[in-house]
Every structure is written in C-alpha cells, then in structure tokens.
Amino acid sequence: MTAHVGYNFGSFWQPDEFVDYSIGIARSFGKFDLALKYIDGSDLAIADGTPDDVFSSESKLFFSVATTLPW
C-alpha cells in the first residue's frame, strides 16, 4: 500500500494554500512494477482555466507500469 499527503504554501502559492493526497497499491511482477493510485487535493484557484487543464486539481485514478533496462 502507498500513501502520500502534501501541504503547499508560501509566496509561490499566494493567495492560496494547497493540500494534495493519494492512496494506492503497488506490486512487482517479474521485471515490471505496477501501481494504481487515487489522487486528489483541494481546489487550487490560481490553476483554474489553465490551457489543457495542466494544473487540474480534480481527482484522478492513475495507473503506471515501470521497468529498468537493460534486463
């Protein structure tokens, strides 16, 4: 199981503060590492309307596959 909580503040984030979190599972199968996470956070007002929602703070389900080369 994996978990993360972050709290962002300071002059870069003014006038907002931002909390993000994730919870998920990770497992290795042979030479591959798989992870599935649910990611969410508080709404970041300064990111509203960014092109292509680059800084979207809406909840997401994230799946990843990783490996290291050469085998």
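The values are calculated or read from the model by the stated rules, or taken from the named source; none is laboratory data. Note that the structure is predicted; figures quoted are calculated from it, not measured. Quick reminder, even Gly has a Cβ in these numbers, built from the backbone with ideal geometry, and neighbours come from all protein chains shown. The protein model used for the area step is the full one, side chains on, heavy atoms only, and it has no ligands, DNA or RNA in it. Shrake-Rupley method; radii C 1.70, N 1.55, O 1.52, S 1.80 Å.
Here are a few things to note about the model shown:
- Taken over region 1-15, the residue count meeting the criterion of being open to solvent by 100 Å² or more (accessible area, probe 1.4 Å), of a type in the set (Phe, Trp, Tyr) and either assigned to a loop (DSSP other than H, G, I, E, B) or at pLDDT below 80 (or both) is 2.
- For region 16-29, residues that are more than 22 Å from residue 59 (Cβ to Cβ) and open to solvent by 80 Å² or more (accessible area, probe 1.4 Å) total 2.
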